[in-house]
Amino acid sequence: MATAVAASASLSSSFAPRNHHRRLARPVTRRAAPVGLAVRCEQSDKQKRKPLAALVPREERFMFEGDELCGPDIWNTTWYPKAADHVTTAKTWYVVDATDKILGRLASTIAVHIRGKNEPTYTPSVDMGAFVVVVSSSQHTIVNAEKVAVSGKKRTQKLYRRHSGRPGGMKEETFDQLQKRIPERIIEHAVRGMLPKGRLGRRLFTHLKVYKGAEHPHEAQKPVPLPIRDKRIQKTD
Amino acid sequence: MTRVPRGYIARRRRTKMRSFASNFRGAHLRLNRMIIQQVRRAFVSSHRDRGRQKRDFRRLWITRINAATRVYNVFDSYSKLIHNLYKKELILNRKMLAQVAVSNPNNLYTISNKIKTID
């Protein structure tokens, strides 16, 4: 076939302008890779996808239960979640009351739950965590005050800094002032520092919902009280 | 001096590298000079990460086992589970423990009961 094409092409090329038929004259053989280096991906992929039945000798097959032999190999490949394992609509929602809880300890528990590190299905590259809603049921007469607590003199001495990018543009304010101005930002700042930084971390951060006051708009998600194992999280005094 | 073209030696060497760069991005898979650099970096990463892979997976298994022991109240923590496993000389490696934790959590109870009853 190839030689016939070449013959007819060379005949016609003598009567027609050269450049036009140059491509037809030479049959082009395409190789994916040079001869010495055969790409082996296909072989190893097939090996990975073989069911256990192919690898286990007949005498030892009794050791395995029905499903393990024909299904995917769960004992030689570490489990990785499928899309169905982390559907956003099926995630748990937790609610925490931040009143009189130590800031850092609370943020730490929240971050662990958002990241999903408390579950055996934890995977660092996949969002397997839960949603956390933080409210503060304030029983004080001060309206709209987030009642998160800090120990020591941090209330007046802990500084929150930000920079506008311009020279001399550093702005700082104390914990107290920020709590009066935008109380949600305190918890958000704390939790964001404890979540991983990167694309996934930014998405995890959107799973944190902080509200000042006792109401939150997520009643439809039926949030469960967040299980806290830290014994020193409640501010005593 | 006669004209001496250099032949196909360099071209063969470069086409050898090209096959490794077939799934790179943009100019990194088309231009020879970039292919040489990027393929070299890829090989370096590959070599280094083969060692890291072993570390990373062990880390992942340990985190999963830790979470599982706390969720299923098997022992209070990963450290206690491993300590007890070693005391009773049960040689289950972490990879297997992690897979058990994810796929068949009831077997974690079986393991912990076994640990508690061996004595």
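The values are calculated or read from the model by the stated rules, or taken from the named source; none is laboratory data. Not measured: the values here are computed from a predicted model. Every residue, glycine as well, gets a Cβ built from its backbone with ideal geometry; the counts of neighbours run over all protein chains shown.
Tally the residues that are loosely packed, with under 15 Cβ neighbours inside 10 Å, in a loop (DSSP other than H, G, I, E, B) and of a type in the set (K, R), restricting the search to segment A:176-230.
3
When you scan segment B:56-73, how many residues do you find that are within 15 Å of B:I111 (Cα to Cα), of a type in the set (A, V, I, L, M) and more than 7 Å from chain A (Cβ to nearest Cβ)?
The qualifying residues number 1.
What number of residues within segment B:13-40 satisfy the criterion of being surrounded by 11 or more Cβ atoms within 10 Å (Cβ to Cβ), free of Cβ contacts under 8 Å to residues at least 12 places away in the same chain and either touching a Gly at 6+ places or on another chain (Cβ under 7 Å) or not polar (S, T, N, Q) (or both)?
Within segment B:13-40, residues that are surrounded by 11 or more Cβ atoms within 10 Å (Cβ to Cβ), free of Cβ contacts under 8 Å to residues at least 12 places away in the same chain and either touching a Gly at 6+ places or on another chain (Cβ under 7 Å) or not polar (S, T, N, Q) (or both) number 9.
Given A:V112, A:V126, which one is of a type in the set (A, V, I, L, M, F, W, C), within 14 Å of chain B (Cβ to nearest Cβ), surrounded by 11 or more Cβ atoms within 10 Å (Cβ to Cβ) and more than 23 Å from A:K231 (Cβ to Cβ)?
None of the others qualify; the one that does is A:V126.
B:D119 is checked against (1) at pLDDT 80 or above; (2) farther than 16 Å from B:I62 by Cβ and fails just one. What number does that condition carry?
Evaluating B:D119 over (1) at pLDDT 80 or above; (2) farther than 16 Å from B:I62 by Cβ leaves (1) as the failure.
Can you tell me which condition B:F20 does not meet? The list is (1) in a helix (DSSP H, G or I); (2) hydrophobic (A, V, I, L, M, F, W, C); (3) within 11 Å of chain A (Cβ to nearest Cβ), and all the others hold.
Of everything listed in (1) in a helix (DSSP H, G or I); (2) hydrophobic (A, V, I, L, M, F, W, C); (3) within 11 Å of chain A (Cβ to nearest Cβ), B:F20 misses just condition (1).
Residues that are closer than 19 Å to A:A107 by Cβ, over 21 Å from the mean Cα position of the chain (by Cα) and among the basic types (K, R): does segment A:209-227 have at least one?
yes
Please specify each residue of segment B:63-110 satisfying the condition of being among the aromatic types (F, W, Y), touching a residue at least 24 places away in the same chain (Cβ under 8 Å) and in a helix (DSSP H, G or I).
B:Y109
Among the numbered criteria (1) more than 14 Å from every other protein chain (Cβ to nearest Cβ); (2) more than 25 Å from A:T109 (Cβ to Cβ); (3) part of a helix (DSSP H, G or I), which single criterion is violated by B:M1?
(3) is the only condition that B:M1 fails.
Could you give every pair whose Cβ atoms fall below 6 Å, whose first residue belongs to segment A:189-201 and is free of Cβ contacts under 8 Å to residues at least 12 places away in the same chain, and whose second residue is assigned to a loop (DSSP other than H, G, I, E, B), counting only separations of at least 6 or pairs across chains?
Listed pairs, sorted by first residue: A:G201/A:L195.
Can you find a residue in segment A:41-59 that is at pLDDT 70 or above, within 23 Å of B:F57 (Cα to Cα), of a type in the set (D, E) and out of contact with any Phe, Trp or Tyr (no Cβ under 9 Å at 6 or more places or on another chain)?
Checked against the condition, which is being at pLDDT 70 or above, within 23 Å of B:F57 (Cα to Cα), of a type in the set (D, E) and out of contact with any Phe, Trp or Tyr (no Cβ under 9 Å at 6 or more places or on another chain), segment A:41-59 yields no hits at all.
Can you confirm whether B:R48 is among the basic types (K, R), under 30 Å from A:P72 (Cα atoms), more than 14 Å from every other protein chain (Cβ to nearest Cβ) and within 22 Å of the chain's Cα centre (by Cα)?
yes
So is B:N84 within 14 Å of chain A (Cβ to nearest Cβ) and surrounded by 15 or more Cβ atoms within 10 Å (Cβ to Cβ) or not?
no
Filter segment B:87-107 for residues that are of a type in the set (A, V, I, L, M) and facing chain A (nearest Cβ under 9 Å); which is surrounded by the fewest Cβ atoms within 10 Å (Cβ to Cβ)?
Top of the filtered list is B:M96.
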